[in-house]
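Here's the structure, in structure tokens; my notes come after.
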Amino acid sequence: WLTYSRDYANQRFSPLEKINRGNVQRLAPVWSFQTGTPDGLQSTPLLVNGVLYLSTSWNHVFAIDARTGAELWHYR
């Protein structure tokens, strides 16, 4: 999504159709990432060119490879 809530109307609804009621039960996680910080994420993660950027409590920022879940870097 290019903006918070996907669009300027804050719809938070994806018009994509690859995941639907007929195939959603076949979804399975392929990786997970633990930040190691308390209190969770502080903002919506951003995906840019295959890199997932996320900020957490205590002023930590992570860059994660979106395909593998590998940490690329961590700023504290």
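The values are calculated or read from the model by the stated rules, or taken from the named source; none is laboratory data. All values derive from a computational prediction rather than experimental measurement. Note that each Cβ is placed from the backbone with ideal geometry, even for glycine, and that neighbours are counted across all protein chains shown.
Any residue in region 18-25 that is part of a loop (DSSP other than H, G, I, E, B), within 20 Å of residue 5 (Cα to Cα) and among the basic types (Lys, Arg)?
yes
Can you tell me which residue in region 56-71 is nearest to residue 39 (Cα to Cα), limited to those that are touching a Phe, Trp or Tyr at 6+ places or on another chain (Cβ under 8 Å) and part of a strand (DSSP E or B)?
Out of the qualifying residues, it is 56.
Please work out if residue 5 is in contact (Cβ under 8 Å) with a residue 12 or more places away in the chain and among the small types (Gly, Ala, Ser).
No; evaluated as a whole, the condition is false for this residue.
How about region 1-23: which of its residues are at pLDDT 85 or above and among the aliphatic types (A, V, I, L, M)?
9, 16, 19
Mind checking whether some residue in region 33-42 is touching a strand residue (DSSP E or B) at 6+ places or on another chain (Cβ under 6 Å) and at pLDDT below 90?
yes
Looking only at residues that are hydroxyl-bearing (Ser, Thr, Tyr) and more than 13 Å from the chain's Cα centre (by Cα) in region 6-46, which one is surrounded by the fewest Cβ atoms within 10 Å (Cβ to Cβ)?
8
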